[in-house]
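These notes concern the structure reproduced below.
The values are calculated or read from the model by the stated rules, or taken from the named source; none is laboratory data. All figures in this text were calculated on a predicted structure; none of them were measured in a lab. Note that each Cβ is placed from the backbone with ideal geometry, even for glycine, and that neighbours are counted across all protein chains shown. We work out accessible area using only protein heavy atoms, side chains counted, and drop any ligands, DNA or RNA first. Shrake-Rupley method; radii C 1.70, N 1.55, O 1.52, S 1.80 Å.
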Amino acid sequence: MINTALAARFEISDKSLLRSFSYIGGKWCGSTTGETIRVSDPATGDVIGEVASLSAEDSLAAVDVAQTAFSAWSGLLPQGRSAILRCWFDLILEHKEDLARIMVLEQGKPLSEARGEIDYAASFVEFYAEEAKRPNIEGVTSHLPDAEVEVEVWLEPVGVAALITPWNFPAAMLTRKAAAAMAVGCTVVAHPSSETPFSALALAELAERAGVPAGVFNVIAGKAATVVDPWTKDTRVRALSFTGSTEIGRLLYRQSADTVKKLVMELGGHAPVIVFKGADLDVAVAETIKAKFATSGQDCLGANRIFVERAIYDEFCSRFATATGELSLGMGMDDPDIGPLMNEKAVQKQEMHVADALAKGAKLACGGKRDALGPLFYQPTVLTDVPAEAAIMSDETFGPVAAIAPFDSEDEVIARANATEYGLVAYLHSHDPRRIYRVTRALQFGMVAVNRTKVTGAPIPFGGTKQSGLGREGARLGMEEFTEIKYVCRDWAKGVKKC
Ligand code: NAP
């Protein structure tokens with residue numbers, strides 16, 4: 001059931017992109033139990049619609065069709081898979097505006113950000129459509145003395161891959177996984193977050209139009225534990241790729257242990273920003289504003305701890321608070337800088353982090369409360385002099401609250417930046433090349449951005465160290481996560497009929 005009046009208000013022109021059933025084996029399927037999940041617009045609380053909430057049996061039926069489809073899909077010429085992915089890419093871009101509006105409706109993000117995410121989502125499909133054609137065989141110079149021995153390494157698709165994606169990037173997190181898996185010949189069963197299922201279902205509609213064969217790409221909505229748990233136990237599911245919180249990542253890691261699946265885990269972040277004396281302050285402030293407030297702060301790459309060298313600390317804090325105060329808060333369709341947060345729990349976390357930091361001695365430079373726009377709108381907030389003991393300095397905030405603290409030496413700030421279980425991304429601002437080299441080497445993060453914020457893109461290996469995850473997405477490596485390595489050693493001198 002879809003609220004068609006609401007869809008009309010958001011000017012979604014192709015109504016058939018709004019699907020309330022799951023997509024399994026090329027068919028739109030309701031739940032065998034008749035259960036549904038209600039999905040609301042976070043900006044207003046208006047009900048967008050209800051999606052069928054699938055049962056554990058429905059979810060296993062998706063694995064059945066994915067397993068059946070695997071042989072033909074993996075056996076297709078790489079050019080064949082590439083052409084279908086390319087067609088999917090074209091259709092995503094053709095329907096960019098509708099896809100962006102669906103995303104604003106269910107996720108609340110500003111329209112420009114939603115459009116940017118659709119471009120980003122499409123870029124993975126394009127990249128892997130190309131990558132599908134690259135050879136998956138590597139010849140190795142033989143280490144054996146026999147003259148006629150030939151050694152090769154083959155990369156083969158692992159089989160059925162389970163993909164579990166979060167609500168903050170409901171399109172891009174799905175295509176980043178699915179296109180990589182499908183390019184190499186895997187079939188997929190995907191569970192989108194129950195808070196934002198419509199973007200994934202719209203992508204399934206476009207996959208069908210692109211000619212993705214039945215059973216290759218399946219999207220299953222429902223209660224996560226019900227739908228995903230059977231996949232973790234199923235020996236036919238050979239890989240599990242998850243993006244979400246470290247807490248659920250740990251759970252899925254444990255649940256997947258009995259069937260020893262290949263795992264990709266893109267988990268939480270707790271990014272430090274380090275600003276050294278001598279850095280270009282205009283750049284440092286502008287880039288840190290982006291690093292903190294993009295996606296309304298609900299971003300695994302979000303700047304959670306901003307460390308500024310004491311000599312420039314007051315100047316940085318003053319400029320940063322002024323720039324933050326100028327950010328607009330509003331409804332996603334009005335394209336503000338910041339939209340609503342996803343749910344009540346997210347807003348409560350901002351309130352808790354702010355109250356805790358203030359109680360421990362931090363100062364409030366701007367914001368610090370919910371906005372009159374609605375219950376899920378939290379004002380962009382700056383806290384200065386935040387002590388190391390404050391919860392925000394060790395826990396991912398995932399919202400528009402910036403925490404700033406001074407530091408006195410390079411060694412001190414490296415130790416503080418690394419003092420976390422997370423290791424996704426770190427940002428560094430400096431004009432000194434030798435310092436940039438030293439600090440980049442010392443930071444224990446999967447990605448380091450120097451004098452800029454934007455690091456993402458289809459050709460780069462995205463991922464973290466420590467408890468920010470396992471494996472990489474994007475780049476050639478992202479595709480290889482969905483392969484098994486087969487080492488082949490052929491002896492042409494023995495047992496082979498001589499011609
Ligand atoms: P989440 O609560 O961990 O949910 C992520 C996904 O896991 C959703 O599809 C959710 O489904 C599912 N899930 C929840 N409980 C589950 C269970 N018991 N078994 C199986 N699946 C389960 O995370 P989130 O709140 O959506 O996203 C925010 C987190 O994601 C942040 O920590 C952020 O840093 C991280 N993130 C990381 C990256 C990265 O690339 N490293 C990118 C984006 C976000 P339901 O919604 O249906 O419950």
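So here's what we get for this one:
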| item | result |
| --- | --- |
| Karplus 3J(HN,Hα) series, Hz, for segment 194-202 with 6.51 cos²θ - 1.76 cosθ + 1.60 (x for Gly, Pro) | 5, 7, 9, x, 5, 4, 5, 5, 5 |
| Residue-normalised accessible area of the chain, expressed per residue, 1.4 Å probe, Å² | 39 |
| For segment 488-498, Karplus couplings with θ = phi - 60° (6.51, -1.76, 1.60), whole Hz, Gly/Pro x | 10, 10, 10, 10, 6, 7, 10, x, 9, 5, 6 |
| Among Val47, Leu85, Ser59 - extreme Cα towards positive end, dipole of segment 37-96, charges at beta-carbon | Leu85 |
| Cα-projected label distance for Ser409 with Trp154, points at 7 Å along beta-carbon direction, nm | 5.8 |
| Most to least packed among 154-167, 30-43, 375-388, 101-114 [average Cβ atoms within 10 Å] | 101-114, 154-167, 375-388, 30-43 |
| Segment 1-93 shape via C-alpha gyration tensor axes, a/c threshold 1.5 | oblate |
| Contour minus Cα-Cα distance for Leu251 and Ser328 (0.36 nm per residue) | 23.9 nm |
| Amide proton proximity set for Val308, modelled H, under 5 Å, gap of 5+ | Val275, Ala405, Phe407 |
| In nm, spacing of pseudo-spin labels at Glu315 and Lys133 (7 Å Cα→C-beta vector) | 5.2 |
| Charge dipole (debye, nearest 20) of the chain; +1 at Cβ of Lys and Arg, -1 at Cβ of Asp and Glu | 880 |
| Given Lys261/Lys290; Lys223/Lys363; Lys109/Lys223; Lys292/Lys360; Lys177/Lys277; Lys109/Lys466, the pairs whose alpha carbons are separated by over 31 Å | Lys261/Lys290; Lys223/Lys363; Lys177/Lys277 |
| Efficiency of FRET from Cβ geometry, Lys233 and Ser13, R₀ 45 Å, rounded to 0.05 | 0.60 |
| Stretchable slack from Lys369 to Asp282, in nm (0.36 nm times residue separation minus alpha-carbon distance) | 28.6 nm |
| Solvent exposure ordering (accessible area, 1.4 Å, most first) of His143, His353 | His143, His353 |
| Per-residue HN-Hα couplings for segment 288-295 [Karplus 6.51, -1.76, 1.60; θ = phi - 60°; Hz; x = Gly/Pro] | 6, 4, 5, 5, 8, 9, 4, 6 |
| Sequence-distant aspartates and glutamates (8 or more away, or on other chains) whose Cα lies within less than 20 Å of Lys494 | Asp146, Glu148, Glu150, Glu152 |
| The chain - percent of accessible surface contributed by carbon and sulfur, probe 1.4 Å | 56 |
| Nitroxide proxy distance, nm - points 7 Å out along Cα→Cβ at Arg476 and Glu97 | 4.0 |
| Accessible area of Met393 in the full protein assembly, 1.4 Å probe (Å², nearest 10) | 20 |
| Nonlocal amide H pairs with Val188, under 5 Å, H built at 1.01 Å | Ala161, Phe217, Asn218 |
